[in-house]
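One structure is given here, and the rest of the page talks about it.
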Amino acid sequence: MPLTPSKIVCVGRNYAAHAKELGNDVPKEPLLFLKPPSSLIGDGETIRLPTVSRQVEYEGEIGVVVSRRLRQATAAEAREAVGGLVAANDVTARDLQKSDSQWTRAKGFDTFCCVGPVGPVPAELSGLTVTTRVNGVVRQHGQASSMVFDIPMLLAYISQVMTLEPGDLVLTGTPEGVGTLAPGDVVEVEIDGVSRVSNPVTAAA
């Protein structure tokens, strides 16, 4: 595993079309939650579907690796702290997310944060594109320019709440097109030209 973040900070409903597909409003401020570092797996490792969930879904995302300490940062300072990008899959037990009053269980199972190798940071972040494929079929395709809150703003906002340390990982939200995973599937998330992660899916032992 190439990453050892002290924390994984995630952003919910950061694409308006995804919020709509789940029947949610677009938040007025970034909606934050955490995934534990124990959920991390890399390219080629296996997603294990927990027995307590009947609706585990993929969420392809642009992941940001923080390169310097950020505390109460401006958006300009946060932009300079984008040290790398990773394709990420914020695997989610959707039925548990709906039944629980917070999302720790739904988002926190082992193998529920798949990340690819760290890729380079382009000059213009809004041009990034993320694509999710399941068994070779495109299920999601979104552009960073469609985010409700852009990447520098997200990092700056998070830094007002908690200090981001070098190596921390921020997942920036998923576009529309989420769907369920089943044993035997292979799910792939790609930031075009930057990073890619592919993972087989199996039932938990």
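What follows draws every value from the coordinates through simple rules; no lab data is involved. Since we're looking at a predicted model, the values are computed, not measured. Cβ atoms come from the backbone with ideal geometry, glycine included; neighbour counts cover every protein chain shown.
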Options (i) 29, 20, 16; (ii) 49, 17, 14; (iii) 24, 18, 17 are given for semi-axes √(5λ) of the Cα gyration tensor in Å, and the computed one is (iii)
Measuring from the longest principal axis of the C-alpha atoms of the chain, the long axis of helix 151-161 (C-alpha) lies at a number of degrees, nearest 10, equal to 90 degrees
Note to self, the chain gives a 222 nm [θ] from helices alone (DSSP H runs n ≥ 4, -39500 (n - 2.57) apiece, / all residues, nearest 500) of -4000 deg cm²/dmol
Ranked from fewest to most other Cβ atoms within 10 Å of their own Cβ, Leu49, Leu32 fall in the order Leu32, Leu49
In whole angstrom, the spacing between the Cα centers of region 18-61 and region 158-205 equals 7 Å
Diffing region 57-69: the Karplus 3J(HN,Hα) column from phi (6.51, -1.76, 1.60, θ = phi - 60°), in whole Hz with x for Gly and Pro, holds 10, 8, 9, x, 9, 8, x, 10, 9, 7, 9, 8, 5
Per-residue Cβ contact counts at 10 Å, fewest first, order Thr174, Thr202, Thr92 as Thr202, Thr92, Thr174
Quick shape check on region 1-97: root eigenvalues a ≥ b ≥ c of the Cα gyration tensor, a/c under 1.5 is rounded, otherwise prolate if a/b tops b/c, else oblate, and it reads oblate
Exposure proxy check on Cys114, Cys10: fewest-to-most Cβ neighbours within 10 Å is Cys10, Cys114
Taking placed amide H atoms and a strict 5 Å upper bound, the residues 5 or more places from Leu85 or on another chain that come that close are Val65, Gly119
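Report relative contact order for region 8-203 in percent, whole number only (criteria: Cα-Cα under 8 Å, sequence separation at least 6).
Values: 521 pairs, mean separation 68.0, N = 196.
Computed value for region 8-203: 35 percent relative contact order.
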Phi-derived 3J(HN,Hα) across region 21-33 with the Karplus relation (6.51, -1.76, 1.60, θ = phi - 60°), rounded Hz, x for Gly and Pro, is 5, 9, x, 10, 7, 6, x, 6, 10, x, 9, 9, 8
